[in-house]
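The values are calculated or read from the model by the stated rules, or taken from the named source; none is laboratory data. No experiment lies behind these values; they were computed from the predicted model shown. Every residue, glycine as well, gets a Cβ built from its backbone with ideal geometry; the counts of neighbours run over all protein chains shown. We work out accessible area using only protein heavy atoms, side chains counted, and drop any ligands, DNA or RNA first. Shrake-Rupley method; radii C 1.70, N 1.55, O 1.52, S 1.80 Å.
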Amino acid sequence: MLNQWRNVGGGQRGLGDPDLPSLVFPSRFGEIVLRMRLVLKTSRSTCIRIRFKERSCPREIADGMVVCECGYTHEQHLEEATWPCAFQGKEWDPKKHVQEMPTDAFGDIAFMGLGQKVGKYVRLSQDTPSSVIYHLITQHWGLDVPNLLISVTGGAKDFNMKPRLKNVFRRGLVKVAQTTGAWIITGGTHTGVMKQVGEAVRDFSLSSSYNEGEVVTIGIATWGTLHNREGLIHPTGGFPAEYIVDEDGQGHLTCLDSNHSHFILVDDGTHGRYGVEIPLRTKLEKFISEQTKERGGVAIKIPIVCVVLEGGPGTLHTIYNAITNGTPCVIVEGSGRVADVIAQVAGLPISEITISLIQQKLSMFFQEMFETFTEGRIVEWTKKVRQAGASVFRHEPAADPDRSPLTNVVFPAASRSHDHFGHENWDHQLKLAVAWNRVDIARSEIFTDERQWKPSELHPMMTAALISNKPEFVKLFLEHGVRLKELVTWDSLLYLYKNLDPSCLFHCKLQKVLAEEPELSGVPRAGPSRSSLAFPEPQSQDCIAAALACTKILKELSKEEQDTDSSEEMLALADEYEHRAIGVFTECYRKDEERAQKLLIRVSEAWGKTTCLQLALEAKDMKFVSHGGIQAFLTKVWWGHLCVDNGLWRVILCMLAFPLLYTDLTSFRLQAVRGLPRIRAFFTAPVVIFHLNILWYFVFLCLFAYVLMVDFQTTPSCCEYLLYFWLFSLVCEELRQVKTVFMYFSDFWNKLDIAAILLFIAGLTCRLIPALLYSGRVILSLDFIMFCLRLMHIFTISKTLGPKIIIMKRMMKDVFFFLFLLAVWVVSFGVAKQAILIHNESRVDWIFRGVVYQSYLTIFGEIPAYIDGVNFSLDHCSPNGTDPYKPKCPESDATRQAPAFPQWLTVILLCLYLLFANILLLNLLIAMFNYTFQQVQEHTDQIWKFQRHDLIEEYHSRPPAPPPFILLSHLHLFIRRVVLKIPAKRHKQLKNKLEKNEEAALLAWEIYLKENYLQNQQCQRTQRPEQKIQDISNKYGSRDSPLREMPLPPAVP
């Protein structure tokens, strides 16, 4: 049989199953996979057939009868139908005369002509337990447990609604369902209110993106009233069953609505009888509303709301039963008939709802049917309307575009679906708002003056918001007093990590920690996956530091994120936080420059005893560091006690002749500084230390060059010993700079320093060994190049040369990747040329010259002389390859002294090589350089200002004396730290610990200006023309504008 399911060339699917791909299974493995999938599907089908039953009438129709009391004809009865003897002569009873058997209609349903829309369906008996149906929905169909159950009822026949109300209702209903994660339950057919709901879902699916999710709509209909239901019958399940919507030929039956996603078809064994599904639907809705959904340690019972549109007497009975059972109802005013009758009298006292008033309303909304209403029926209606304490939805323009007007009615109604009073009712409403992720509802309906929340009461909700990744609620709870210090304990952290989604990036990072520290246990392990992250606003104070910390966290997490979209979202959010930090700092700097600079270097206890400036540097927030206020502060640090308006030539003159300091050639910020303190203030300024080091570094390079070229003797000379002593002082300074190994080697220039020092040590070792004297000189000569390259770091302080050095460093990366492409052409041409011209060259050095060296020089115009016969001469080569100073001769005719290799081929190869290497690859390299230059040039000022800090900080903490005199400073430092054990003093210019009172006043000032900044930003947004247009659009709505309901003026002839 398996061979019949194979597709050898026809492109058919096995067993009509769309889940099985159209593949050829040529191997035994393919057969095993197919069998396993078939067994799995068969087991599911068998389970459904066992648990769910259908109903059929087994009666044999008597002579003269065309249709049985069940509504089916003789042909529609079962073939084995017989009338049991026990029932002969008795009146037909659906409870007794109908038998149950395994269902034959279930699986997937596809509506013909509607593309790829596929739903789920099942035919079941009217006596099926609600628990079994709920298990089918959540387990077999895989639907998540809802946060809300919306039961829509009303007119079963088509009715007209005003276009404005129709649009508002459709969008409002779907918005509520989509944002709250609700299930919508209707009658499931393509008529009346069910059709309205289906079209609302259809419009949403057409206009929404994939990320917004699917709206779950469950239709509960009567099996016996469905038109074309024969297409749904498949004894082993339809995967999918094809259903045709035929409204023209349905007669008194109905068709299923194609816009519903799931169908429960209730069967009582009859045909053409409506309302069979109502008892089962009522029980199922009540059962679902009694279930509890738990998320993040917060459990809520699933609320239920009954939404009513239009409707007749049966709808009023449904509303009455719902209110009696504690189910809140929402009446849509303007939809017609019963809904309008109730809406008209909803706000009146019970004493004013009289029989005459109801009679008046009925005559208004039931014009044609009013004459059929008896007096007793009107009295009954009046009693039910009095007790129908339902909420009424009246359309009003929404001020908030993200909040549907229907939400204003549904949320209060849903919060009353269970018995909660006083404090419990507020808690229940907050749980619903968190479960629905509707922070707008929480702000407007819950956090009001009527209820004052204690921070400890919000801790469970805060935990739930963290676990379910709802940053807006986290922000809301922080605004209302939740303190992270009180919330976050070891137990609460462990609980949070235990309940995190395994796909969360934090969960993934936790697994790395657990892998490194196995002693930590109690947290489940999981693999990495996609996550969605957001961070709250700074809670109360230290807002600039908090925003900069968030940028650092987000940038680090973006490196761990595998999903590109999520990584880009994190980087965009990091840019937003950096922008806010810049805005607040700008506001502070405008008010008071000195206090703003204090904020930069204030030690923050909340963020690991670091500073705002250090956080910005670690996060690589170049825009923040390049801010004018921060650059002004760095410039002040760079000049130390000197005034920043001193000319550089004045500083150099005073360096060369320090007695000039006693004149007015240079100015100090503190004019009272005189005598020895004046000299000390001058030579401890970072700008002076920097230029002294440059001066003496040039002396060091000159001494190094002199030793290498003039005074490199067998035994070291005095100049050479001085060079060694100088290098020793450089080594001591590098050791002083090492605080942590990781931070030290994260700087490129430190790596270059270590490489130069190690190469010097290697050269010195070889130089001291007589046999390796020349090798030592060669190594030291190469080392001299590295020490010269170190000058580029010194020039980064220059505003002219600094950006160019940055561009050159970026271009070096381009060259590195370009060499891979160039190597392919060089090696391929070199090997081919060498193999064609020369036979069996055994000398490795000459092979390298022929393959790589000569091929590389060819790019720059040095064409090999023997590539063709024009310049061919055997005098410049060795015939047998025995001369170590000559290459081996090419293939040649010894008698005629002429080349024997194919000259036409070597010339063609050379031309192609030059075409691709010279024209294509070199121009590609130029284009890469140009792109890098353009890319860096746009931000070169920011990059230079950012890297300028490193040089300023280095020379700010550097001893005043330059090498080799710096050894005296190192000796002094050694005596203070090691011998006398005097602790180091903090450099207050870059890191300052404030007193508590001063710090509190500074942070209060920062908070005040932060609020000013946010208010200014809000005012600017509201004043923008785009925002004004958006506000007007949100208020009136282009689709819901009253202009659409106004009649057009008559045409002018």
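Things to note:
- Of the whole protein surface, W183 contributes about 10 Å² of accessible area at a 1.4 Å probe radius.
- Under 12 Å from the T714 label point (7 Å along Cα→beta-carbon), backbone N, the stretch 761-797: 770-771
- Residues whose amide H lies under 5 Å from that of F668, counting only those 5 or more places away or on a different chain, are C643; hydrogens are built 1.01 Å from N in the peptide plane.
- Heavy-atom accessible surface of the stretch 104-147, averaged per residue, reaches 41 Å², computed with a 1.4 Å probe.
- Computed magnitude of the charge dipole of the stretch 216-330 (debye, nearest 20; Cβ of K, R +1, Cβ of D, E -1): 640 debye
- Residues whose amide H lies under 5 Å from that of V307, counting only those 5 or more places away or on a different chain, are S151, V152, T153, V330; hydrogens are built 1.01 Å from N in the peptide plane.
- Computed from backbone phi with θ = phi - 60° and the Karplus coefficients 6.51, -1.76 and 1.60, the 3J(HN,Hα) list for the stretch 380-385 is 4, 4, 4, 4, 5, 5 Hz; x is used for glycine and proline.
- Taking amide hydrogens as placed 1.01 Å from N in the peptide plane, the amide H of V216 sits under 5 Å from those of I184, each at least 5 positions away in sequence or on another chain.
- Computed over protein heavy atoms with a 1.4 Å probe, the accessible surface of the stretch 678-717 works out to 43 Å² per residue.
- J(HN,Hα) series, the stretch 316-329, from Karplus relation 6.51 cos²θ - 1.76 cosθ + 1.60, nearest Hz, glycine and proline x: 4, 5, 5, 5, 4, 5, 5, 5, 5, 8, x, 8, x, 10
- When C504, C788 are compared by accessible area of protein heavy atoms, the largest-first order is C788, C504, using a 1.4 Å probe.
- Here the calculated FRET efficiency for K454 and Q1020, from their Cβ-Cβ distance with R0 = 45 Å, stands at 0.80, rounded to the nearest 0.05.
- Accessible-area rank, largest first, for M112, M462, M622, M655: M112, M622, M655, M462, with all protein chains present and a 1.4 angstrom probe.
- Heavy atoms of R976 accessible to a 1.4 Å probe, total area in Å² rounded to 10: 70 Å²
- In the assembled protein chains, E472 presents an accessible area of approximately 90 Å² (probe radius 1.4 Å).
- Length released on extending from H876 to Q360, taking residue separation times 0.36 nm less the Cα-Cα span: 173.5 nm
- Protection proxy ranking of 354-360, 595-601, by the mean of other Cβ atoms within 10 Å over each peptide's residues and highest first, is 595-601, 354-360.
- Accessible area of the stretch 831-891 belonging to carbon and sulfur atoms, whole % at 1.4 Å probe: 58 percent
- Here the gap between M812 and V132, fully extended at 0.36 nm per residue and compared with their Cα-Cα distance, gives a gain of 237.9 nm.
- Estimated FRET transfer efficiency (A835, A927; beta-carbon r; R0 41 Å; 0.05): 0.80
- Distance between modelled label sites at H234 and L772, nm, 7 Å Cα→Cβ extension: 8.1 nm
- Loop-located trypsin sites (Lys or Arg not before Pro) in the stretch 132-238, at most 13 other Cβ atoms within 10 Å (DSSP): K157
- Relative contact order of the stretch 818-974: 19 percent, from C-alpha pairs under 8 Å at least 6 residues apart in sequence.
- The spacing between the stretch 197-270 and the stretch 119-136, judged by their C-alpha centroids, is 15 Å.
- Net charge of neighbours whose Cβ lies under 10 Å from the Cβ of I220, counting Lys and Arg as +1 and Asp and Glu as -1: -1
- Karplus 3J(HN,Hα) series, Hz, for the stretch 654-662 with 6.51 cos²θ - 1.76 cosθ + 1.60 (x for Gly, Pro): 5, 5, 7, 9, 5, x, 5, 5, 7
- Inter-label distance, nm, simple model (7 Å from Cα along the C-beta direction), E891/V844: 2.7 nm
- Cut-off 20 Å (backbone N to label point 7 Å along Cα→Cβ of F745), residues of the stretch 713-733: 731-733
- Looking at the stretch 576-667, the accessible area is 45 square angstrom per residue; that uses a 1.4 Å probe and ignores ligands, DNA and RNA.
- Ligands, DNA and RNA left out, the 1.4 Å accessible surface of the stretch 602-665 is 64% carbon and sulfur atoms.
- Ranking of K498, K813, K739 by solvent-accessible surface, largest first: K739, K813, K498 (1.4 Å probe, protein heavy atoms only, all chains present).
- Dipole-positive endmost among V907, H939, Y955 within the stretch 906-1007 (Cβ charges, Cα centre): Y955
- Under 9 Å, Cβ to Cβ, from A574 - net charge with Lys/Arg +1 and Asp/Glu -1: -2
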